[in-house]
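Read the structure below first, then the notes.
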Amino acid sequence: MKLLFLEDNPGDVRLILLMLQEAPSKRFEIHHVKRLSEALPRLQEESFDAILSDLGLPDSQGLDTLIALREQAPFLPIVVLTGNDDEAMGVAAVQAGAQDYLVKGNITTDLLVKSLNFAVERKRGEQTILEERNRAAFFKDLLVHDINNINHGLLFHLKRLLKDDTLGEKQKEGVSTCLSLVEKIAQLITNVHLLSEIDKGDLNLEAVDFKSVLNACVEKVKQMFIQSKEVEIHQHLPEEPIFIRGNYLLDTVVTNILINAVKYNRQPVATIWVEAHALEDGRYYKVEFKDNGIGIPDSAKSAMFRKSERFNGDTSSGLGIGLTLVKKVVEGYGGKIWLEDRVKGDFTQGSNFVLLLPKA
Amino acid sequence: MAEKTALVVDDSEINRNILSLYLELYGYRAVCEDDGLKGFETFKSIHPQLTFLDVVMPGISGIELLKKIKEYDPQAKVIMVTSHISQNTLKQIKEAQADWVLQKPFDEAKLEEIIQRIESA
């Protein structure tokens with residue numbers, strides 16, 4: 001292991017060099033410098049496997065030393081040495097990007113070698129995570145920008161084609177089918193975008209008027225199915241306004257639940273009953289969306305919201321990631337969501353999506 | 001009445017074509033540019049009634065171009081055309097005084113609504 005070693009105290013230099021030279025299991029090629037200003041050009045010109053550095057140097061102190069080293073060599077593992085009894089500085093250094101710390105006075109050969117070995121492996125792991133994260137971000141961008149652009153073009157041209165009076169019934173039917181598939185792609189892209197927004201964690205919660213969001217969603221969903229399915233939505237809500245602590249994504253939550261209730265429904269009229277009341281604890285509204293759809297057996301209920309199962313290759317259910325999104329949003333609000341049977345014990349009578357939404 | 005002109009600045013050919021076709025329906029002649037700097041020069045020479053800017057472009061971004069245009073002509077009507085964007089980017093767009101944000105995929109009805117609102121304002 002080719003090691004860059006920064007230390008100005010002659011006693012500590014001697015001790016560490018001795019330890020590394022007597023290490024039985026590993027050979028170290030040690031390049032010793034006394035100052036940060038000597039280390040930085042070396043890092044620029046040569047390649048090393050790791051850095052072992054005292055944080056207190058004649059020309060740099062504390063975390064500044066670490067920050068300068070990381071800036072110069074972002075891909076190298078760093079183990080820092082802190083003064084006697086300065087655990088706190090060691091922990092701060094690890095939080096600031098060092099892979100490990102050693103407290104002077106408590107260092108043995110075994111500990112030193114182990115720490116350097118672990119630092120190399122840990123850095124490799126961190127690097128892999130970073131690369132995977134960047135790869136995921138790249139594919140997400142590809143989807144929400146590039147593919148979205150192409151999809152936008154498809155939607156536009158298909159809609160124009162549908163208005164073309166020279167097309168026969170059969171051709172129009174074909175174009176319609178294509179259009180509805182392309183619309184599904186658009187919805188999926190939207191959901192991927194929203195999921196990644198939620199993962200960033202910045203939800204900016206504020207008071208949201210549940211009743212007006214619900215009314216807008218009811219209109220939107222009825223409009224969506226106007227050609228294909230009769231939809232009835234009954235509201236049983238308290239007189240007073242319902243303000244919950246949420247954000248613009250409440251619309252996505254309500255829309256997804258309503259769409260599911262209509263889509264997975266074999267009755268001549270898809271019926272949804274929306275009920276809400278304040279819980280006695282004064283902190284939540286309980287909102288229920290009951291439907292007369294095909295229902296979900298107990299064995300499948302908890303899997304409905306689970307993204308991980310879908311990400312493990314089971315993509316055949318056709319539900320997209322809508323419900324994963326719904327659950328993430330509700331939990332982001334500090335609420336809860338679960339699934340019950342509309343008629344207890346008989347799932348074939350339809351589902352009941354139960355939400356606890358925090359009061360504003 | 002003089003011909004109505006719209007400027008479309010977008011690096012994607014698909015989007016330039018779509019907007020041009022839409023705009024023709026509403027009586028606009030669309031002039032297209034594929035990058036921000038050319039877009040600004042064209043803006044200054046043609047003084048369009050409407051300007052459509054893509055947000056993500058190589059070179060200067062749509063938001064930077066929006067700021068330049070609004071600084072040059074505060075009365076300019078600028079519509080930002082976006083893919084899915086973060087709430088943060090949306091905030092930046094609003095702060096830069098965009099007149100409208102049009103998210104892709106959009107349909108004819110949405111575009112018509114925007115054009116009508118801007119024309120009647």
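The values are calculated or read from the model by the stated rules, or taken from the named source; none is laboratory data. These numbers were taken from a predicted model, which means no experiment stands behind them. Cβ: placed from backbone, ideal geometry, glycine included. Neighbour counts: every protein chain shown. Ligands, DNA and RNA are excluded from the accessible area calculation, which covers all protein heavy atoms including side chains. Shrake-Rupley method; radii C 1.70, N 1.55, O 1.52, S 1.80 Å.
Summed over region A:63-93, residues that are surrounded by fewer than 17 Cβ atoms within 10 Å (Cβ to Cβ) and of a type outside the set (D, E, K, R) total 8.
Here the strands (runs of 3 or more DSSP E) wholly within region B:14-121 that include at least 2 residues being open to solvent by less than 70 Å² (accessible area, probe 1.4 Å) and within 14 Å of chain A (Cβ to nearest Cβ) are B:50-54, B:78-82, B:100-103. The single condition from (1) open to solvent by less than 80 Å² (accessible area, probe 1.4 Å); (2) hydrophobic (A, V, I, L, M, F, W, C); (3) farther than 28 Å from A:K328 by Cα; (4) within 14 Å of chain B (Cβ to nearest Cβ) that A:V144 fails is (3).
Residues of region A:165-188 that are surrounded by fewer than 15 Cβ atoms within 10 Å (Cβ to Cβ) and of a type in the set (D, E): A:D165, A:E169, A:E173. B:D10: in contact (Cβ under 8 Å) with a residue 12 or more places away in the chain, in contact with a Cys (Cβ under 9 Å, 6 or more places away or on another chain) and either open to solvent by less than 90 Å² (accessible area, probe 1.4 Å) or hydroxyl-bearing (S, T, Y) (or both), yes or no? Yes: the conditions hold for B:D10. Going through (1) more than 30 Å from A:E197 (Cα to Cα); (2) over 32 Å from the mean Cα position of the chain (by Cα); (3) not aliphatic (A, V, I, L, M) one by one, A:H157 falls short only on (1).
Annotation: of all residues in region A:189-243 being of a type in the set (V, I, T) and closer than 18 Å to A:K328 by Cα, the one that is modelled with the highest pLDDT is A:V208. A single entry from A:T255, A:T271 fulfils the requirement of being farther than 27 Å from A:L194 by Cα and open to solvent by less than 20 Å² (accessible area, probe 1.4 Å): A:T271. Taking the listed residues A:G335, A:G320, A:G295, the one that is surrounded by 13 or more Cβ atoms within 10 Å (Cβ to Cβ) and modelled with pLDDT under 85 is A:G320, with no other qualifying.
Checked across region B:9-17, the condition of being modelled with pLDDT of 95 or more and hydrophobic (A, V, I, L, M, F, W, C) holds for at least one residue. Taking the listed residues A:D251, A:D209, the one that is over 26 Å from the mean Cα position of the chain (by Cα) and not hydrophobic (A, V, I, L, M, F, W, C) is A:D209, with no other qualifying.
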